[in-house]
Amino acid sequence: MDAQNLLIIMSDQHHPKLMGCAGHEMVKTPNLDALAARGTRFTSAYTSCPICVPARASLMTGRYVHQDGYWDNAMGYDGAVPGWGHKLRREGIPMESIGKLHFSNETDDTGFDRQTIPMHIKDGIGQVWGSVREPLPVREGAEGMVGYSGAGTSDYNRYDLAVTRQTCEWLKKRSQSSDSRPWVLYAGLVAPHFPYIVPEEFFKMYPLTDIQKAHAHPENGYIRHPWVERFMQVFPGMDRNSEEERRVATAAYFGLCSFLDHNIGRMLEALAEAGYADNTRVIYTSDHGDMIGSRGQWGKCLLYDDSTSIPLIMAGADIPGNSICETPVSMVDFYPTILESVDCAAAPEEKSLPGQSLYRSMNNPTDENRVVFSEYHAVGAPLRQISGKILKYLNLLG
């Protein structure tokens, strides 16, 4: 495969079904829809872990959580386990990041030549209390996740606007450079991660009267799995908000998806204006999904499709247009995919990694025998680890 530029755009906590191209009847995502129309959308893409920090470490290392040892949000990626960033740098491929990475800190060598306005674990310490097991800690005030929602402008919104602006400026500046080497740029956005606060213009796109009730709420007689019930005891009150508050939070989440799409549109427009539209492959994904009130849960952390599924769209050279790939794929597949995108040969030890290139999956788009794995060891887990069998069991329970 010919080496080309690669733009990786990663959001945070984006439910993969909340896009127009995924068939959602309300959520407006014209830019992601257009990207999917000229590329391939993966409908069975999964995170390695439904919580931010371990998922992002897995993306960099090409290893599952139990293989790289970044277990929870207290253990940010620090470069100790080699990642594709280190590989590309050794090969002389320019690689920079703009925005959210959620690693341990900016000073660790994680492979990037430069990090612009990075967001990492606060003070490099992380969510240490989430590693406690006996007894499981209790976090009061969980109802605030939903109650504190609506129209407005949060620090995260302002941050995303800054990331978008910096990305557009980077593309323009790079196009004026005499360096003709293929580059890799990672742009990390926060939306639609909570708080569910979004600028008014996006919030008002979703009238509260059009918001339907969440799926399978305990108030309506749904009985949660005992593991999930125990998990919810760590966050008392998360499922006790009023119906009005839930509708507001859902509308704000929908708005954040459109806000995200707006920013991605600006990046893709800047890519075209810089003359890179025909020689740049684009990957859009997220680190995990969001329960959005299903089963009385908001956020992530559970091994249901709502939080383990991720959006994944690829477009560019050698990528089929207006195409769907149903073959199960995983975050560990990014490592070989990125190497192939820039025509970088894998070393023998890299060939033993668990992932397979997404290009290979695109060539076999209905492979029902492909197995991927998601695991969770972080905050609220009464057991040290959860296997893929439990993932399958929980989803069968509905």
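Restricting attention to the stretch 282-291, the residues that are crowded, with 24+ Cβ neighbours inside 10 Å and of a type outside the set (Phe, Trp, Tyr) add up to 5.
Report every pair of residues separated by at least 6 positions or lying on different chains whose Cβ atoms are under 6 Å apart, first residue within the stretch 131-150 and closer than 13 Å to Val379 by Cβ and at pLDDT below 90, second outside any helix (DSSP H, G or I) and of a type in the set (D, E, K, R). Sorted first by the residue in the stretch 131-150, then by its partner, the pairs are Ser131/Asp72. Yes or no: the stretch 104-118 includes at least one residue that is touching a helix residue (DSSP H, G or I) at 6+ places or on another chain (Cβ under 9 Å), crowded, with 22+ Cβ neighbours inside 10 Å and not in a loop (DSSP other than H, G, I, E, B). Within the stretch 104-118, none of the residues are touching a helix residue (DSSP H, G or I) at 6+ places or on another chain (Cβ under 9 Å), crowded, with 22+ Cβ neighbours inside 10 Å and not in a loop (DSSP other than H, G, I, E, B). Within the group Asp333, Asp343, which residue is part of a helix (DSSP H, G or I) and among the acidic types (Asp, Glu)? When all the criteria are applied, what remains is Asp333. Restricting attention to the stretch 339-379, and to residues there that are under 23 Å from His288 (Cβ atoms) and aromatic (Phe, Trp, Tyr), which single residue is modelled with the lowest pLDDT? Per the stated criteria, the residue is Phe373. So which residues in the stretch 244-281 are surrounded by 23 or more Cβ atoms within 10 Å (Cβ to Cβ), of a type in the set (Gly, Ala, Ser) and touching a Ser or Thr at 6+ places or on another chain (Cβ under 6 Å)? Result: Ala249, Ala252.
Quick one: in the stretch 49-78, which of the residues that are among the charged types (D, E, K, R) and part of a helix (DSSP H, G or I) is nearest to Ile310 (Cα to Cα)?
Filtering the stretch 49-78 for residues that are among the charged types (D, E, K, R) and part of a helix (DSSP H, G or I), the one nearest to Ile310 (Cα to Cα) comes out as Arg56.
When Asp12 is tested against (1) surrounded by 24 or more Cβ atoms within 10 Å (Cβ to Cβ); (2) among the acidic types (Asp, Glu); (3) over 30 Å from Asp109 (Cβ atoms), only condition (3) is not met. Regarding the stretch 159-169, can at least one residue be identified that is in contact with a helix residue (DSSP H, G or I) (Cβ under 6 Å, 6 or more places away or on another chain), assigned to a loop (DSSP other than H, G, I, E, B), more than 25 Å from Glu340 (Cβ to Cβ) and among the hydrophobic types (A, V, I, L, M, F, W, C)? Within the stretch 159-169, not a single residue is in contact with a helix residue (DSSP H, G or I) (Cβ under 6 Å, 6 or more places away or on another chain), assigned to a loop (DSSP other than H, G, I, E, B), more than 25 Å from Glu340 (Cβ to Cβ) and among the hydrophobic types (A, V, I, L, M, F, W, C).
The values are calculated or read from the model by the stated rules, or taken from the named source; none is laboratory data. Note that the structure is a prediction, hence the values are computed from the model and not measured. Positions of Cβ are generated from backbone atoms using ideal geometry, with glycine treated the same way; all protein chains shown enter the neighbour counts.
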